[in-house]
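The values are calculated or read from the model by the stated rules, or taken from the named source; none is laboratory data. Everything numeric here is computed off the predicted structure, so don't read it as measured data. All Cβ positions, even for glycine, are placed from backbone atoms using ideal geometry, and neighbour counts span all protein chains on display.
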Amino acid sequence: MNILKSFENTEVAFKQKSNFQLRKAYLLFQFFAYTKLMRFANKVLLKAFKWHLPIDFLVRKTAFDHFCGGESIKDCQKAINNLHASKVGTILDYSVEGKEEDTYFDATTKEIIATIKEAATQRDKIPFSVFKVTGLAPFSLLEKVNSKQILNAEEEKEYIQVKRRIDAICQEAHKNHVKLLIDAEESWIQDAIDALTNEMMEKYNKEEAIVYNTLQMYRHDRLAYLQNDIAIAKEKNYKLAYKIVRGAYMEKERARALAHSYVSPIQIDKTHTDNDYNQALEICINQGIAICAGTHNEKSAAFLAEQILAKNIAPNDARFYVAQLLGMSDHISCNLASQGFCVAKYVPYGPVREVMPYLIRRAEENTSVAGQTSRELDLIQKEIKRRKNN
Ligand SMILES: Cc1cc2nc3c(=O)[nH]c(=O)nc-3n(C[C@H](O)[C@H](O)[C@H](O)COP(=O)(O)OP(=O)(O)OC[C@H]3O[C@@H](n4cnc5c(N)ncnc54)[C@H](O)[C@@H]3O)c2cc1C
């Protein structure tokens, strides 16, 4: 079976989309293609939200509808069922960001625990839960811990709280046998996140892989990091598990390294990132380490599937997942799922206004990632034509 070729099947890719939804998606991606207009619209939208102008309806009916499951877990049920109809799992992603108060961190902890409970009641539909450490901790505190600065008494207290929140979430996942992804973030807080995640893996991954760390393969040190983790986990006798991504903060990382005159943690070019990405997948498959390959790259997704087949592993072996974001790359998700591979999608949710930073990132990503928008447009157009001719 030619996996890459199978991604061309738009009938399978868009089976759950009505003609109306397809046309709407086409208009949305066409809008993204006008880079300058899109950037201007993002600025206007942010201002409009700041001034409390009633534009929620407009956002809800456009980008929010396309990229998000709804405002609450309950709201996401339609998206969950739709994905399940295409044999694609859901990863409920509470996408409220950028708040820094304790009450918010506690509320987020509660919400993540609610997604774990929901996953436990819909095991066939929701294979993972996910969270970001910056949703539970002040960024500046993580930065201080990361750079090994001495914390004052107040900060010590705050960090104990952060650890309590993370432990409560991981404990709930362990109790319910729900796999839990911990997102990777900027390199200047990532050592702190890695340390917290490794502690949780050691505590909760004794019998099965519950807690997943994330490896960003745009970093040139991540293969060595992976090999080191493998040695430690062997010695301490716990199971490793990873989400493997390329990494979302490249421009920011390079700019900061330049501004502070240190060597950038980012690979010298895309080819190095791509090579390390596939190598990380191969190492994990060979060692039986559970993974979730978070990627919209057709070649990497096909590479993972081919490796699984080449090693006579059952495609539905739940140790090996591939994941995309809702509203993107359905041709990869649905076609792999239809061939029996384990596939899931992040389904972001939260109040429209709170999810705006996430939506703006999606819009910008679809503008800046070379070929991403035109690929989505081509696929949607192909399916619209196919339906017309049938
Ligand atoms: C389910 C899912 C979960 C994710 N979770 C995280 C997460 O926890 N943390 C996170 O940081 N990101 C996360 N991402 C985003 C991810 O890291 C990528 O930014 C995004 O998926 C684009 O990469 P790609 O593999 O899809 O494909 P591609 O489009 O093939 O790759 C683009 C990526 O390649 C890298 N790249 C591009 N140009 C260069 C260059 N010149 N030199 C070196 N590298 C280059 C960059 O990482 C860029 O984002 C997630 C993505 C998905 C789908």
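A compact table of results
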item	result
Cβ pairs under 6 Å, 6+ apart, first in segment 266-281 and without any contact (Cβ under 8 Å) to a residue 40 or more places away in the chain, second assigned to a helix (DSSP H, G or I)	278/303; 281/304
Flag for residue 364 being more than 10 Å from the ligand (Cβ to nearest atom) and on the phi < 0 side of the Ramachandran plot	yes
Residues of segment 143-181 satisfying the condition of being in a helix (DSSP H, G or I), buried (at least 21 other Cβ atoms within 10 Å of the Cβ) and within 16 Å of the ligand (Cβ to nearest atom)	166, 169
Unique match (being under 26 Å from residue 257 (Cβ atoms) and part of a loop (DSSP other than H, G, I, E, B)) among 184, 192	184
Members of segment 252-273 found to be part of a loop (DSSP other than H, G, I, E, B) and within 11 Å of the ligand (Cβ to nearest atom), listed by number	264, 265, 267, 268, 269
Test set (1) within 16 Å of the ligand (Cβ to nearest atom); (2) in contact (Cβ under 8 Å) with a residue 40 or more places away in the chain; (3) not basic (Lys, Arg) - residue 194 fails condition number	(2)
Matching residues, segment 234-249, being among the hydrophobic types (A, V, I, L, M, F, W, C) and either in contact (Cβ under 8 Å) with a residue 60 or more places away in the chain or surrounded by fewer than 19 Cβ atoms within 10 Å (Cβ to Cβ) (or both)	241, 245, 248
Residue within segment 348-365 that is among the aromatic types (Phe, Trp, Tyr), modelled with pLDDT under 90 and either farther than 16 Å from residue 4 by Cβ or surrounded by fewer than 23 Cβ atoms within 10 Å (Cβ to Cβ) (or both) present	yes
Qualifying residue in segment 98-107 (condition: within 23 Å of residue 171 (Cβ to Cβ) and either aliphatic (A, V, I, L, M) or within 16 Å of the ligand (Cβ to nearest atom) (or both))	yes
Per-region count, segment 282-303, residues in contact (Cβ under 8 Å) with a residue 40 or more places away in the chain and of a type in the set (Asp, Glu)	1
Options 238, 249, 218, 242: the member that is in the same structural domain as residue 290 (by TED's automatic domain parsing), touching a helix residue (DSSP H, G or I) at 6+ places or on another chain (Cβ under 6 Å) and within 15 Å of the ligand (Cβ to nearest atom)	218
Subset tally (residues that are within 19 Å of residue 187 (Cα to Cα), among the basic types (Lys, Arg) and within 25 Å of the chain's Cα centre (by Cα)) for segment 127-171	1
Residue among 90, 109, 115 that is crowded, with 16+ Cβ neighbours inside 10 Å, in the same structural domain as residue 200 (by TED's automatic domain parsing) and under 22 Å from residue 363 (Cα atoms)	90
Residues satisfying the stated conditions in segment 274-285, i.e. within 11 Å of the ligand (Cβ to nearest atom) and surrounded by fewer than 21 Cβ atoms within 10 Å (Cβ to Cβ)	274, 275, 278
Test: residue in segment 78-89 that is hydroxyl-bearing (Ser, Thr, Tyr), more than 25 Å from residue 376 (Cβ to Cβ) and modelled with pLDDT of 80 or more	no
Qualifying positions in segment 75-105 - under 24 Å from residue 14 (Cα atoms) and either free of Cβ contacts under 8 Å to residues at least 60 places away in the same chain or of a type in the set (A, V, I, L, M) (or both)	77, 78, 79, 80, 81, 83, 84, 85, 88, 91, 92
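One line per residue, one yes/no per condition, for (1) assigned to a helix (DSSP H, G or I); (2) within 14 Å of the ligand (Cβ to nearest atom); (3) in the same structural domain as residue 76 (by TED's automatic domain parsing); (4) out of contact with any Phe, Trp or Tyr (no Cβ under 7 Å at 6 or more places or on another chain):
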position: 309; (1), (2), (3), (4): yes, no, yes, yes
position: 321; (1), (2), (3), (4): no, yes, yes, yes
position: 327; (1), (2), (3), (4): no, yes, yes, no
position: 335; (1), (2), (3), (4): yes, no, yes, no
position: 344; (1), (2), (3), (4): no, yes, yes, no
position: 358; (1), (2), (3), (4): yes, yes, no, yes
